[in-house]
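The structure appears right after this line, and notes come after that.
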Amino acid sequence: MLAQTLDDTMLVDLVSDATAAPSMHNAQPWHFDYKRSSRTLALRADFDRAMPEADPSTRALHVGCGAALLNLRVSAAQHGLSMVTTLLPTPSDQALLASNQLSDSPQESRDAVLVGLHRAIRDRHTSRYPFDARAIPEDIRLLFADAARAEGADFSFLTPTHLETVLELIRDAEGYDRGDPAREAEQHHWTRDTQAEAPVDGVPDYSFGPRDASGRATTRDFAGTAVLAGRARVPFESRPQLA
């Protein structure tokens, strides 16, 4: 059985899934171009959405684009398409991150692991609320590591000593951000007052989450130094499980 014809409706589905990926401050720093003659979908970085204060090296921008590329792979597999990706195909064009050639493929050849991830695309979201203090079971930790290894990456949970070091760095960085007017202004640019505007990109105010009653949470506070009326203060977990 062959995949559906690669028409405009399917292209919209593919790009819609790709752009549901996470990105720093939900800036969505990507752009997609499709060449019908070669059935090639190019992923380009949108440097107009870069954050020179918080992400001066554009590392986070590229990580977000990588997440969009993974979503695109998942969506292509779900639609029964094969996709051949060439990373950085034109070295002189720094914005062109990946060229993806799409073709019909038999349903039987679909990557079952990628297909299994498709339902998670719409479920995934960032939570800025306290997490349960239960330890993540060892078998689940191993699944995380296996999934990363399949993508050529390493994944490990922080040891207690390393965790304390990282927590201190996070708290220092958060304090530094709040004391830097330029960083505060940049962060404010990427937040949305949902009573005044519909959130298309950026972080909507309803997802800021509560403040940590102890002031030691590792979650970035998108309210910055502002005071939001009626915002709750709640206890967060004392030893977050970071990886």
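Looking at the stretch 91-202, the accessible area is 71 square angstrom per residue; that uses a 1.4 Å probe and ignores ligands, DNA and RNA.
Note on exposure: Val115, Val227, Val203 ranked by accessible area (1.4 Å probe, complete protein assembly) read Val227, Val115, Val203, with the most exposed listed first. The simple spin-label model puts a point 7 Å past each Cα toward its Cβ; for Ser238 and Arg178 those points are separated by 2.1 nm. Computing the accessible area with a 1.4 Å probe over protein heavy atoms, can you report the carbon and sulfur percentage for the chain? Using a 1.4 Å probe with all protein chains present, the chain comes out at 55 percent carbon and sulfur. Between Asp7 and His189, the FRET efficiency from the beta-carbon distance, with R0 = 45 Å, is close to 0.75. Structural descriptor for the chain: relative contact order 19 percent, calculated from alpha carbon pairs under 8 angstrom and at least 6 residues apart.
Comparing Gly202, Gly64, Gly179 in a Gaussian network model of the chain (Cα springs below 10 Å), the most mobile by mean-square fluctuation is Gly179. Using a Förster distance of 41 angstrom, determine the FRET efficiency expected from the C-beta separation of His125 and Thr40, and round it to 0.05. Rounded to the nearest 0.05, the efficiency is 0.85. Each listed q (0.11, 0.25 Å⁻¹) maps to a log10 I(q)/I(0) for the stretch 94-182, found by the Debye formula over equal Cα scatterers with no solvent: -0.63, -1.36.
At an R0 of 51 angstrom, the distance between the Cβ atoms of Ala153 and Ala196 translates into a FRET efficiency of 0.80. Counted over the stretch 115-243 with a bin width of 5 Å, the fraction of Cα pairs per bin, in whole percents, is 2, 8, 14, 18, 19, 16, 14, 8, 2, 0.
The values are calculated or read from the model by the stated rules, or taken from the named source; none is laboratory data. Please read all numbers here as calculations on a predicted model, not as lab measurements. Virtual Cβ from ideal backbone geometry, glycine too; neighbours counted across all protein chains shown. With ligands, DNA and RNA removed, areas are computed over all heavy atoms of the protein, side chains included. Shrake-Rupley method; radii C 1.70, N 1.55, O 1.52, S 1.80 Å.
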